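Enquirer: This structure is in structure tokens; I'll ask about it shortly.
The values are calculated or read from the model by the stated rules, or taken from the named source; none is laboratory data. Given the structure is predicted, the values throughout are model-derived calculations rather than measurements. As a convention, Cβ positions derive from the backbone with ideal geometry for all residues, glycine included, and neighbour counts pool all protein chains shown. Side chains are part of the model used for accessible areas, which takes the heavy atoms of the whole protein and leaves out ligands, DNA and RNA. Shrake-Rupley method; radii C 1.70, N 1.55, O 1.52, S 1.80 Å.
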Amino acid sequence: MDPTRFDGGSGPTDMSQRAPSGWRWESPQPQGNHLRGLFGVAGATAALDELWAVGDSGTLMRRHKGSWQHEARELLDQRALLAISGSGSGDSLQLLAVGVYEKALLRVAGRWQEVVPPTGGGAGTLTAVWGSPVPGEFYVVGTTGRIYRVRGTIWQREAQDLTTVYLGGVWGQGAGAEQEVYAVGAGGRVLHRRKGGTWVIEADGLTTQQLNAVTGAGGAVYAVGDGGTVLRGQGGTWTVERTPVSANLTAVWGAGDEVFALGQRGTVLRRSAGAWHVENIALTSEHLAAAWGTVRGGQVTLYAVGNLGTVLRRELATWTQLSSRITSRPLSSVWARSADEVYAVGAGGLILRRRGTSPLGAWTTEGEGVTHEDLSAVAGWAATREGGEAEVYAVGAAGTILRRLAGQWVLEGAVLTGQDLTAVWVGPDAVFAVGRGGRIARKQDGRWSLEALPAGVPAVDLLGVWGTGAGPGLVVYAVGAGGLILRRSQGVWAREGDGLTTDALVSVFGRSAEDVYVLGNRSTALRRQGGSWVVEPLQLGGRTPVAGCTVPGTSLYYAIATHGLILRRASTTWSNDAPALTNLELSAISAAAQDDVYIVGPGGLVLHRY
């Protein structure tokens, strides 16, 4: 893929289509939630391998004939699914997915249903599952040493008095009287269900590191864990194997003489001829949480999933990406004029531009090399929504100010300030940027200058700026640390809303000079109407507002908060606009129209409502 271009609506997936809320993932694709578990059924070729992946915010997706699709949406909520496995084969295949707060879903004959496991006494997490060759038979492990044998919808507790430690991985082989199962967890503990059904502690104290996953290959059993730990068991005897990494390992898969261990920072280890080696895949630095593989014609095909929706495949000893995203760098701000003109900025001077329509748009990189400073904000102005190009500015670290002029980005405001600039607003005849240490920069008549704070106002960090009007009617608001609100009218700055809050105020936006919202830490929301500021309660469940925006030509407002919360205000109330979409942190939001809203965040995250 051309690294300067990303098609936000292409690719063999229907997951780019909108969720019921109207929001969709433009980046990453097929989606961006952290993936925690993976299971597959081998096809005649890699293109026909069938995969199921589960993860945070109730993510459950299926790859069928090369296309990703959501499944069981009506049964899912914000609870993370941590593992998935299958039992049986062919038409008798059943799947079981498990996760936090006792979440469990069973797929029989192509249909998902929710099942209710026995209560975990408040511990609440089912961490791993292995499906046996017998249709409907699974083994599930979880917190406080819980082990369940599942047959259909019947969950039976096993090894109840054997251990109370956290168990993070389970794997087995065989069926009936020949069946053996292994469970691993905290403190390097390995549990073994021997033939005949008796559980014993088979290894304990070989390592103090937590073991996270277990598998078998070539007549041996392998358990991997934190700190690059690998244990190998054979004939009931376990030994520690040396690895060349210290990263936490959270997934393991093997066949014959080849075993793979995966984990933090994109780490992939391969065991061959009795020794572990690093595979330098150079495709991702994201945490890899789960793996599944198969052998065709003597060649291993291996899949891995992880954070920010990462999906990788190893075939013929070569790794490739099955997921994609605009950039791996964090995005800090976005400004949208229309679906054909959207700008996003981020770390290392990154500037992205979206062109296209609401359903289908392409992102390209602009302004490469103009600056390497982190950019924190972007904004623009245009007289109309269509026609021509908007006047756009971006600001960032060390006083960086960029302007988009005739399709090119250029530096402005040289040596105006060395303080980081945090926010920018662009109007018909003026530009305002604010930043650390109370810095306020104004551009008027083509020249930049610094403006002084009102007398007696401390030089605290300013974190948001917004304005309206032009000429003598220009009104600008700036907000920041300690609950500071400043208003500029008739060319004079004055403090307002003193004493309403001491929380840091991070975002300001409005519809007119007398209808303005301010958001801040600890669920703070203030509104200015009729010349006075009032507190407007927000029910955020302990989350903290991050940013907000108006929707041009409507009475709608949007806001985002920590842990992936997206709020929409219609009429007089705020409501959750995208339940269970994501719990990832979001950075900024901008709306071009009622059905054209953009959100950006870490790792190239872009959400689009249309």
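Enquirer: Where a Cα-Cα gap under 18 Å defines reach, which aspartates and glutamates qualify for LYS65, not counting those fewer than 8 residues away within the same chain?
Expert: Excluding near neighbours in sequence, the set is ASP14, ASP49, GLU50, ASP91, GLU315.
Enquirer: Once the Cβ-Cβ distance between SER246 and GLN529 is put in as r, and R0 is 56 Å, what FRET efficiency do you end up with, to the nearest 0.05?
Expert: Working from the Cβ atoms, E equals 0.50.
Enquirer: Give the residue list of trypsin sites (Lys or Arg not before Pro) in region 137-220 that are DSSP loop and have at most 15 other beta-carbon atoms within 10 angstrom.
Expert: ARG194, LYS195
Enquirer: Accessible area of region 366-524 with a 1.4 Å probe: how many percent of it is carbon plus sulfur?
Expert: Ligands and nucleic acids excluded, carbon and sulfur give 50 percent.
Enquirer: Further question: Note down the accessible area of PHE39, probe 1.4 Å, to the nearest 10 Å².
Expert: Estimated to the nearest 10 Å², PHE39 gives 30 Å².
Enquirer: Net charge near GLN539, counting Lys/Arg +1 and Asp/Glu -1 over other residues with Cβ under 15 Å of its Cβ?
Expert: With Lys, Arg at +1 and Asp, Glu at -1, the net is +2.
Enquirer: Another question, if that's okay. Per residue, how much accessible area does region 390-502 have with a 1.4 Å probe, in Å²?
Expert: On a per-residue basis, region 390-502 sits at 40 Å².
Enquirer: For a quick check of your reading of the filter: which trypsin sites (Lys or Arg not before Pro) in region 505-610 sit in a DSSP loop and have no more than 14 other Cβ atoms within 10 Å?
Expert: For trypsin sites (Lys or Arg not before Pro) across region 505-610 that sit outside H, G, I, E and B with at most 14 neighbouring Cβ atoms in 10 Å, the list reads ARG522.
Enquirer: LYS103: which aspartates and glutamates have alpha carbons under 17 Å from its alpha carbon, excluding same-chain residues fewer than 8 sequence positions away?
Expert: ASP56, GLU71, GLU74, ASP77, GLU114
Enquirer: Another question about this same structure. Accessible area per residue of region 152-195 at 1.4 Å probe, in Å²?
Expert: On a per-residue basis, region 152-195 sits at 44 Å².
Enquirer: Where does the charge balance sit around GLU178 when Lys and Arg score +1, Asp and Glu -1, over other residues with C-beta under 13 Å from its C-beta?
Expert: For residues surrounding GLU178, the net value is +2.
Enquirer: For mean projected area of the Cα convex hull in nm², pick the label among (1) 30.7; (2) 68.5; (3) 28.8 that corresponds to the value derived from the coordinates.
Expert: The value matching this structure is (3).
Enquirer: Follow-up. Quick one: net charge of LEU288's neighbours, Cβ under 14 Å, K/R +1, D/E -1?
Expert: Counting the neighbours of LEU288, the net charge comes to +3.
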